[in-house]
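*Asks:* For reference, the structure I am asking about is given below.
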Amino acid sequence: MRKKLIVIDMQNDFINGALGTKEAEAIVDRVAEKIRSYPEADRIATMDTHGPHYLKTQEGKHLPVEHCIRGTEGWQLNPKIKEALGKALIYEKPTFGSTDLARKLSEMGKEEELELELCGLCTDICVVSNALLLKAVMPDVPIFVDPACCAGVTPEGHEAALKTMKACQINIAE
């Protein structure tokens, strides 16, 4: 069985930028360590990616804080995370979940047995969205989330997302 790590949106704007939190800052070193524990070929990352007209999008109308605008410092991966990822596959995504990532992993799963682990930001938005999307596309693939390597918009949102994922048969590390 091949184990893949999916690192969700460990970008500056979610760590110490426009939408950063102390909880997000606190997981950076643990996430970098987890990344290095996987072979480089089994590391995948996503990047929240918006254009200059973000505030006019559906998401921007509900979350009117410009963030992860392509090419800005806030859009960049945290330097420690970028270094740890090495030559990982990176998927830019304009919304919470990446359908391109789900399609690619589904194709890989047809060629070999997979196990997936997710970590990153934000537990209650993009981590849960990607976990549920992957579970829907690959219902028989074991999916794990390490809560110590995730942070939510709030601690309460983080806990609620973990409960939601667990209810949907996503394995939450103890």
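What follows is calculated from the coordinates using simple rules that are stated; it is not laboratory data. Just so it is clear, the structure is predicted and the values come from calculations on it, not from any experiment. FYI the Cβ positions are ideal-geometry reconstructions off the backbone, even for glycines, and counts take in every protein chain you see.
*Asks:* To the nearest 0.05, what FRET efficiency results for residue 16 and residue 59 with a Förster distance of 25 Å applied to their C-beta separation?
*Replies:* For residue 16 and residue 59, the calculated efficiency is 0.70.
*Asks:* How big is the Rg/Rh ratio for the stretch 33-131, C-alpha atoms only, Rh by Kirkwood, two decimals?
*Replies:* Using Cα coordinates only, the ratio equals 0.98.
*Asks:* What nm value, rounded to one decimal, do you get for the distance between residue 115 and residue 156 when each label is placed 7 Å out toward the C-beta?
*Replies:* A separation of 3.6 nm, rounded to one decimal place.
*Asks:* Taking the convex hull of the alpha carbon atoms in the chain, what volume per residue do you get, in Å³?
*Replies:* 107 Å³
*Asks:* Return the Cα extents of the stretch 1-62 along principal axes one, two and three, sorted largest first, each rounded to a whole Å.
*Replies:* So the three principal-axis extents are 43, 26, 16 Å.
*Asks:* Moving to a separate point now. If you average the C-alpha positions of the stretch 122-174 and of the stretch 29-105 separately, how far apart do those two centres end up, in angstrom?
*Replies:* 17 Å
*Asks:* For a Förster distance of 25 Å, can you work out the FRET efficiency between the beta-carbons of residue 40 and residue 174, rounded to the nearest 0.05?
*Replies:* My answer for the efficiency is 0.35.
*Asks:* What nm value, rounded to one decimal, do you get for the distance between residue 76 and residue 99 when each label is placed 7 Å out toward the C-beta?
*Replies:* It is 3.2 nm.
*Asks:* Next question. Could you please rank 154, 123, placing first whichever residue has the fewest other Cβ atoms within 10 Å of its Cβ?
*Replies:* 154, 123
*Asks:* Count the DSSP beta bridges whose two residues both fall in the stretch 1-110, then state the antiparallel fraction as a percent rounded to the nearest 5.
*Replies:* Roughly 10 percent of the beta bridges in the stretch 1-110 run antiparallel, per DSSP.
*Asks:* Hey, another quick one. Please report the relative contact order for the chain, taking Cα pairs under 8 Å with a sequence separation of at least 6, and give it as a percent rounded to a whole number.
*Replies:* 27 percent
*Asks:* What residues qualify as long-range amide H neighbours of residue 11, i.e. H under 5 Å apart, gap of 5 or more or another chain, H built at 1.01 Å from N?
*Replies:* Here the answer is 78, since their amide H atoms fall under 5 Å of that of residue 11.
*Asks:* Starting from the Kirkwood radius over alpha-carbon pairs of the stretch 30-81, derive D by Stokes-Einstein at 10 °C in a medium of 1.306 mPa s and give it in µm² s⁻¹.
*Replies:* This corresponds to a translational diffusion coefficient of 123 µm²/s.
*Asks:* Which cross-chain or sequence-distant (5 or more) residues have an amide H under 5 Å from the amide H of residue 89, H modelled 1.01 Å from N in plane?
*Replies:* 43, 45
*Asks:* Applying 1/(1 + (r/R0)^6) with R0 = 35 Å to the Cβ-Cβ distance of residue 140 and residue 92, what FRET efficiency is obtained, to the nearest 0.05?
*Replies:* After rounding, the FRET efficiency stands at 0.80.
*Asks:* Now for a different question. Most fluctuating residue of 124, 100, 48 in a GNM of the chain with Cα springs under 10 Å: which is it?
*Replies:* Looking only at 124, 100, 48, the biggest GNM fluctuation is shown by 100.
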